[in-house]
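See below for the structure under consideration.
The values are calculated or read from the model by the stated rules, or taken from the named source; none is laboratory data. The shown structure was predicted, so the numbers you read here are calculated from the model rather than taken from an experiment. Glycine gets a Cβ as well: all are built from the backbone with ideal geometry, and neighbour counts include every protein chain shown. Note: accessible area is taken over every heavy atom of the protein model, side chains too, but ligands, DNA and RNA are not part of it. Shrake-Rupley method; radii C 1.70, N 1.55, O 1.52, S 1.80 Å.
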Amino acid sequence: MRQDHPLVPLAGGGYLLSRAADVEAAFTDRRLGNAPSRFSVLAEKNRGQSVAADLCANIPPFLDMPRHADLRRPLSAAFHATFAGSADWLGALAEEELDGQAAEFDVVADFAGPFAARAMARFLGLAADAELMRRSSAALFRLFAPITSRSDLAQADADLARARRAMTPVAGGAGLIAAMAETGAMTDQEIADNAILVLADGIENIEAAVALVLLTLERVPQLRDDWLGGRLGTAEMLPEALRLNSPAQIIPRVVRDGHDRHGIRLEVGTPLFLALGSANLDPDAFDGPEKFDATRADPGRYVFGRGRHSCIGAPLARAMIAAALEALRQRGVGLAGQADRVRYHRRFGHRWPEALPVRLEGARAAG
Ligand code: HEM
């Protein structure tokens with residue numbers, strides 16, 4: 001596809017960019033934007049009628065300049081202030097989450113998901129109500145899938161209104177919500193909406209990444225054995241493992257200034273999708289792209305995006321995934337069969353395994 005179809009027309013409308021060089025250029029292309037087109041139910045003009053549209057107008061992934069910078073700057077400052085020191089407690093939290101697991105369990109639903117939800121609650125300064133975290137996160141991700149009917153929109157509005165009410169920090173608590181307030185640059189509603197965004201980004205992608213890395217390791221027995229035996233460090237193998245199998249496969253843009261690409265006219269408002277997963281495996285960007293090579297230069301260059309909208313949470317994401325994997329490694333994790341029959345959530349743009357059964361074979365495994 002990369003060779004013959006650099007720009008792929010999609011049945012649902014818009015085009016997909018499949019080559020690494022095009023994806024890379026698109027990250028900083030001023031002719032592309034992130035704000036929903038004016039025909040979308042999520043367009044800013046619908047703020048008064050829809051919670052979903054109102055929330056989109058407050059969070060960076062759906063904003064263009066100058067409002068994008070007005071929100072990204074304080075969010076990013078608050079994120080880095082809160083992140084300093086969080087690696088200290090992530091390891092202990094992951095260990096705790098493994099204590100008491102049965103000898104065989106689903107690494108997504110029984111471990112990585114609950115671990116990520118508790119970690120994000122603590123990071124944000126919220127009470128760790130797992131069910132509430134999960135529902136709030138799912139509500140946000142409704143916005144990243146097409147909303148095609150009035151009933152879809154009504155459901156998204158109701159779920160997001162509930163999520164907004166849940167973003168009340170614990171009294172006197174530290175964490176990202178307090179740090180955002182301290183910047184003095186965000187309204188209470190902007191703080192709550194960005195808290196929902198960060199919460200969601202920190203749960204679904206993390207639980208998926210933990211499962212995807214285990215699957216990648218399982219496909220190369222030598223690699224898995226080196227990792228389990230401590231000859232290949234978790235932090236050392238993680239960037240390359242995420243390149244080979246990442247939870248974020250496709251990200252959207254909207255054409256702001258009409259232009260031609262690969263001989264096709266892209267009119268204003270056309271959706272353009274950047275296939276990060278395809279860029280990650282492009283032989284023009286990575287020698288022998290299918291091969292695991294922990295010594296590659298910058299394997300993560302497409303995993304977390306680039307430019308103005310690059311992932312604010314990348315250092316926390318890496319720290320959370322590494323903490324979860326390291327806790328599993330120390331207890332001798334192994335897949336409990338079915339690696340070739342993993343089912344994925346039916347979602348455009350995300351690679352999220354529904355479940356992955358594992359067993360702990362280390363001396364400390366309970367069960
Ligand atoms: C494996 C986990 C993760 C992956 C693969 C990932 C990937 C990405 C990618 C590719 C983008 C760029 C989207 C674009 O250019 O439109 C992005 C944006 C973003 N990510 Fe992540 N992410 C992960 C985890 C996290 C975590 C844990 C957080 C927060 C703690 C986070 C917060 C954000 C935010 C706030 C943005 C929006 C930035 C903007 O639009 O200016 N992400 N992420």
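Work from the charge dipole of segment 1-90 (Cβ charges, +1 for Lys and Arg, -1 for Asp and Glu, about the Cα centre) and give the residue of Leu75, Pro9, Met65 farthest towards its positive end. After comparing all options, I get Met65. What are the trypsin sites (Lys or Arg not before Pro) within segment 220-255 that DSSP puts in a loop, where the Cβ has at most 11 other Cβ atoms within 10 Å? Those that pass, being in a loop and sparsely packed, are Arg231. Couplings for segment 255-262, taken from phi via the Karplus curve 6.51 cos²θ - 1.76 cosθ + 1.60 with θ = phi - 60°, read 5, 9, 10, x, 7, 9, 9, 6 Hz in order; Gly and Pro are left as x.
Extension gain, Ala128-Val170: 0.36 nm per intervening residue step, less the Cα-Cα distance, totals 14.1 nm. Using a simple spin-label model with pseudo-atoms 7 Å out from Cα toward Cβ, Arg347 and Ala81 lie 3.0 nm apart. Among the protein heavy atoms of segment 150-264, carbon and sulfur supply 52% of the accessible surface, probe 1.4 Å, non-protein parts ignored. The slack in the chain from Asp188 to Arg219, taken as 0.36 nm per residue of separation less the alpha-carbon distance, amounts to 6.5 nm. Rolling a 1.4 Å probe over the protein heavy atoms gives segment 265-367 an accessible area of 48 Å² per residue. Taking Cα centre as origin and charging only the Cβ of basic (Lys, Arg, +1) and acidic (Asp, Glu, -1) residues, the dipole magnitude of the chain rounds to 840 debye. Who wins for biggest fluctuation among Asp226, Asp159, Asp54 in a Gaussian network model of the chain, springs between alpha carbons below 10 Å? Result for the chain, Cα springs under 10 Å: Asp226 fluctuates most. Given their separation in residues at 0.36 nm each and the Cα-Cα distance between them, Asp284 and Arg135 gain 49.6 nm when the chain is fully extended.
Summing Lys and Arg as +1 and Asp and Glu as -1 over all other residues whose Cβ lies under 11 Å from the Cβ of Ala145 gives a net charge of +2.
Under 5 Å between amide hydrogens, built in the peptide plane, is the criterion, and for Leu16 it picks out Val8, Leu10, Phe273 among residues at least 5 positions away or on other chains. Between Gly307, Gly263, Gly113, the Gaussian network model of the chain with springs among Cα atoms under 10 angstrom shows the greatest mean-square fluctuation at Gly263. A Förster radius of 22 Å, combined with the Cβ-Cβ distance separating Cys311 from Ser149, puts the computed FRET efficiency at roughly 0.10.
Per-residue Karplus couplings for segment 276-284, computed as 6.51 cos²θ - 1.76 cosθ + 1.60 with θ equal to phi - 60°, are listed in order as 4, x, 6, 4, 4, 10, 7, x, 6 Hz, Gly and Pro entered as x. Only the Cβ atoms of Lys and Arg (+1) and of Asp and Glu (-1) were treated as charged; on that basis the dipole of segment 32-86 about its Cα centre amounts to roughly 60 debye.
GNM on the chain, alpha-carbon springs under 10 angstrom: the most fluctuating residue among Gln155, Gln222, Gln189 is Gln222.
Contact order, relative form, for the chain: 26 percent (alpha carbon pairs under 8 Å, 6 or more residues apart, mean separation divided by residue count).
Please name whichever of Ala128, Val107, Phe273 sits farthest to the positive end of the charge dipole of the chain, dipole taken about the Cα centre and charges placed at Cβ: Lys and Arg +1, Asp and Glu -1. Projecting each Cα onto the dipole axis, the largest value belongs to Phe273. The Cβ shell under 15 Å around Phe348 holds other residues with a net charge of +3, Lys and Arg each +1, Asp and Glu each -1.
Under 5 Å between amide hydrogens, built in the peptide plane, is the criterion, and for Val333 it picks out Glu361 among residues at least 5 positions away or on other chains.
Of the beta bridges in the chain, as assigned by DSSP with both residues counted there, near 90 percent are antiparallel.
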